[in-house]
Amino acid sequence: MNTWGSKDEAERHKVYPARDAERSAYAIFDYPKGDPRNYSLEEGLSLVLKRQLAPIGLFDSGAGGLTILAALRQKLPHENYIFFGDTAHCPYGTRSEANIIELSLQAGQFLIDQGVKLIVAACNTASQVALNALRATFSVPIVGIVPAVKPAARATKRGRIGIAATNRTTQTAYLQHLVDEFASDIEVYTISCPEWVMLVERGQFEGPEVEKELQSSLQPLLSKDVDVIVLGCTHFPALRLSIERVVGKRVQVIDSGAAIARRTHSVLDTEGLLHPPYPDKGTVQIWCSGDASPFEYVASKVLGYPVTAHKVTQ
């Protein structure tokens, strides 16, 4: 377990890329005819509608980002979605930064090839390492995942919060930057839980064995008498019911799903890209880079309804 301590002064004041407020400028509309004035009103309206009907793309190293997909569908039920789980390379948290950037760009390119209008990097590790590269490469808006440090700092009554994440996330200077900005006056403790990722990837969300693993991992935070725990990996909300049983009612568990859904809605609304409010729900496509059969099983468990997963052919 880490307790945030002092950092090099220059490092502490860097600005890191996963903050929505730092979203770089991008060109939403690509006009095949060049100048938009070359279009008739009818052609222009048709082009706008085509962009509105385009799907939202999400990617993660595996099944964790499906928890973000679930939150998005609750907030934006009319949108169409394409999700890509890079299961052949899961987890990202143990990889080098260069490798994470490379894999994130490959995932982004797959989604762009499917015609998405916005990409959600539904992975904390990819958001913290590769967001600048994604935004520099692709012209659609990119929404990243931000650990819920700010709401946790607001919610704590005891002045002590815990953050459960992967090895990569707990070690990033970006997380330190969030703590410095939003939780500098409270005690913040972190734990690395890479084994939780594999529990979710195996479809193990509940049961005595799962709760035993969670209890062992969470004990360092509980011993510090924290009253809020941040789930700093998109895999972890799949374990929420078991986590809440382990920590008890006196500890609030927070994740980023609802905030990311609100942010995505805001970006689409600002850019005029919201899907028209048709009566039917939008469609969902699930893709993965590894074996589709086990991923289909896990995806169905995370989302709570049967889905079909397709393997991306290289």
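Say whether the condition of being out of contact with any strand residue (DSSP E or B) (no Cβ under 6 Å at 6 or more places or on another chain) and modelled with pLDDT under 95 is met by at least one residue in the stretch 111-124.
Looking for residues that are out of contact with any strand residue (DSSP E or B) (no Cβ under 6 Å at 6 or more places or on another chain) and modelled with pLDDT under 95, one finds at least one in the stretch 111-124, hence yes.
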- line: Exactly one of S217, S242 is buried (at least 16 other Cβ atoms within 10 Å of the Cβ), touching a residue at least 24 places away in the same chain (Cβ under 8 Å) and in contact with a strand residue (DSSP E or B) (Cβ under 9 Å, 6 or more places away or on another chain), and that residue is S217
- request: Could you tell me which of the residues S289, S266, S300 is surrounded by fewer than 22 Cβ atoms within 10 Å (Cβ to Cβ), outside the structural domain of A164 (by TED's automatic domain parsing) and within 26 Å of C90 (Cα to Cα)?
  value: S300
- prompt: Any residue in the stretch 248-262 that is within 24 Å of G159 (Cα to Cα), among the hydroxyl-bearing types (S, T, Y) and buried (at least 19 other Cβ atoms within 10 Å of the Cβ)?
  reply: yes
query: Can you name every residue in the stretch 219-250 that is closer than 19 Å to V200 by Cβ and assigned to a loop (DSSP other than H, G, I, E, B)?
result: G232, C233, T234, H235
field: In the stretch 115-141, the residues that are among the charged types (D, E, K, R) and touching a helix residue (DSSP H, G or I) at 6+ places or on another chain (Cβ under 7 Å)
entry: K117
field: Matching residues, the stretch 245-266, being under 20 Å from Q74 (Cβ atoms) and free of Cβ contacts under 8 Å to residues at least 24 places away in the same chain
entry: S266
message: Could you check the stretch 140-178 and list, in sequence order, the residues that are outside any helix (DSSP H, G or I), under 15 Å from S256 (Cα atoms) and modelled with pLDDT of 90 or more?
response: V143, G144, I145, P147, A148, G162, I163, A164, A165
- prompt: Do you know which of the residues in the stretch 174-206 that are without any contact (Cβ under 8 Å) to a residue 24 or more places away in the chain and under 21 Å from L66 (Cα atoms) is surrounded by the most Cβ atoms within 10 Å (Cβ to Cβ)?
  reply: Q204
query: Which of the residues belonging to the stretch 271-283 are within 18 Å of G57 (Cα to Cα) and either within 17 Å of the chain's Cα centre (by Cα) or surrounded by fewer than 21 Cβ atoms within 10 Å (Cβ to Cβ) (or both)?
result: E271, G272, L274, H275, P276, K281, G282, T283
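Residues checked against (1) free of Cβ contacts under 8 Å to residues at least 40 places away in the same chain; (2) closer than 19 Å to Y305 by Cβ:
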{"residue": "P55", "(1), (2)": "no, yes"}
{"residue": "I68", "(1), (2)": "no, yes"}
{"residue": "R73", "(1), (2)": "no, yes"}
{"residue": "T87", "(1), (2)": "no, no"}
{"residue": "Y92", "(1), (2)": "no, no"}
{"residue": "F110", "(1), (2)": "no, no"}
{"residue": "L118", "(1), (2)": "no, no"}
{"residue": "A121", "(1), (2)": "no, no"}
{"residue": "L134", "(1), (2)": "yes, no"}
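Among R168, R160, which is more than 22 Å from S223 (Cα to Cα) and charged (D, E, K, R)?
Testing whether each residue is more than 22 Å from S223 (Cα to Cα) and charged (D, E, K, R) leaves just R168.
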- request: Please state which one of V302, V298, V253 is touching a strand residue (DSSP E or B) at 6+ places or on another chain (Cβ under 7 Å), outside any loop (DSSP other than H, G, I, E, B) and among the aliphatic types (A, V, I, L, M).
  value: V253
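The values are calculated or read from the model by the stated rules, or taken from the named source; none is laboratory data. Note that the structure is predicted; figures quoted are calculated from it, not measured. Neighbour counts are summed over all protein chains in view; Cβ atoms, including those assigned to glycine, are modelled from backbone coordinates with ideal geometry.
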